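For reference, the structure discussed in these notes is given below.
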Amino acid sequence: MPNLKLRVAMLGPAAVGKTSLLAVMYKFFNQTTAPTELRLSTDPESEAILEARYQDLLKLIENFDATDQGITATEEPRDFSFTLDRKDWLGKRESLELEFIDVPGEYLAPNASAKKQEYYRDVVSNSGAVIVTIDTLALMKGGGRFNEQVNQVKYITELIETAYQNISEPRLVIFAPVKCETFLQAGKNQAELGKAIKAEYERLITKILAPKVKNVAAVITPVETIGCVVCGGWEEEKGRFKRWYLNKIHVDDPMQTRYADQPLRYLLLFLIKQYIDNQKGLWSKFNDFLQRYDDLKEALRRFASGCRKVTPFEILQGHDFFRIHR
Ligand SMILES: Nc1nc2c(ncn2[C@@H]2O[C@H](COP(=O)(O)OP(=O)(O)OP(=O)(O)O)[C@@H](O)[C@H]2O)c(=O)[nH]1
Ligand SMILES: [Mg+2]
């Protein structure tokens, strides 16, 4: 059993793509263990669920007109544990566990019970990192007129504001725009995505996170979950968004997930820096742990050094949390 756990909260309203993002992150490690030398494994139940969600995504692109109804909504909060160790790590007595908490987006719905809302806030406030999953189509299509309905920026802002009110330990906020293939095609201005996030999440970034820069790092790491589709429009009813129309770029294209590793790399880079800075509290166990396992620390450091930093990737604040001198 792993004895060191770090919690990562998945945050976002229903259907933005939280579970899909977890499924492609799991798949990334599953497919690329050889070159990374770090091994990531999940318990059999988590693996079965994430594999099933991944297969749902594959089904989505079987047809040329990819209908956007591939994935089952999450019904209950669920932990997905990603256990990390080094491939040839001797002993394997202990390992590092990243525990992703996937909460149903309906816990954020305006009519969700106070208990559910409070539950979500507690998950965020007790997690070292949060992945704000953003439906990029809603952010940018139609002049962003469905953004508030789909991404609930105001509510997310308030939730983080409350959850981070009294923090004294370092936190990482990862903005992960998904469904972003349409805007990252060759020939598109890659800077538009970051600009839209900064404009739409302005209050969260400048009023809530920026004043806490000593404790809070924030990055933008887009993930193309599917990769081979573009948005051909949407269906709406009485001004309310209903669904996206997606088209494959070429009929025979396979799934072309891009950047699924990036949130993980940033997460691990942030962790290693905590170790180097020898932070207390939430992080102290992590420090004790790595102190004992130099080889794992080195493998983590090498993996984390692959963080992308050029547009559309960006460190919004807390550059020092990611700066490692050797
Ligand atoms: N085009 C495109 N569609 C995506 C992407 N990621 C997710 N989707 C679609 O978005 C839908 C909803 O994704 P989920 O992962 O179930 O969303 P969720 O945030 O977990 O939703 P809840 O469980 O209801 O909170 C899926 O059916 C996918 O078809 C992406 O990167 N690109
Ligand atoms: Mg889900």
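Over segment 91-221, with the other protein chains present, what is the accessible area per residue in square angstrom, probe 1.4 angstrom?
39 Å²
Which value, in Å² and to the nearest 10, is the accessible area of Glu75 when all protein chains are kept and the probe is 1.4 Å?
So the heavy atoms of Glu75 present about 140 Å² to solvent.
Please report the accessible area of Ser41 (heavy atoms, 1.4 Å probe, ligands and nucleic acids excluded) in Å², nearest 10.
Taking all protein chains as shown, Ser41 has close to 50 Å².
Could you go through segment 246-260 in sequence order and give the Karplus-derived ³J(HN,Hα) for each residue, using 6.51 cos²θ - 1.76 cosθ + 1.60 with θ = phi - 60°, rounded to whole Hz, and x for Gly and Pro?
Ordered by residue, 3J(HN,Hα) equals 10, 10, 6, 6, 10, 4, 8, 4, x, 4, 10, 4, 10, 6, 5 Hz.
Provide Trp234, Trp244 ordered by accessible surface of protein heavy atoms (probe 1.4 Å), highest first.
Descending order: Trp234, Trp244.
Do me a favour and compute the ellipsoid semi-axes for segment 106-232 from its Cα gyration tensor, root of five times each eigenvalue, largest one first, whole Å.
Taking √(5λ) for each eigenvalue gives 26, 17, 13 Å, largest first.
Skipping prolines and chain starts, which residues have an amide H placed within reach, meaning under 5 Å, of the one on Ile134, given they are 5 or more residues away or on another chain?
Ala176, Val178
The values are calculated or read from the model by the stated rules, or taken from the named source; none is laboratory data. From a predicted model like this one, the values you see are computed outputs, not experimental measurements. Side chains included, ligands, DNA and RNA excluded: accessible areas come from the protein's heavy atoms. Shrake-Rupley method; radii C 1.70, N 1.55, O 1.52, S 1.80 Å.
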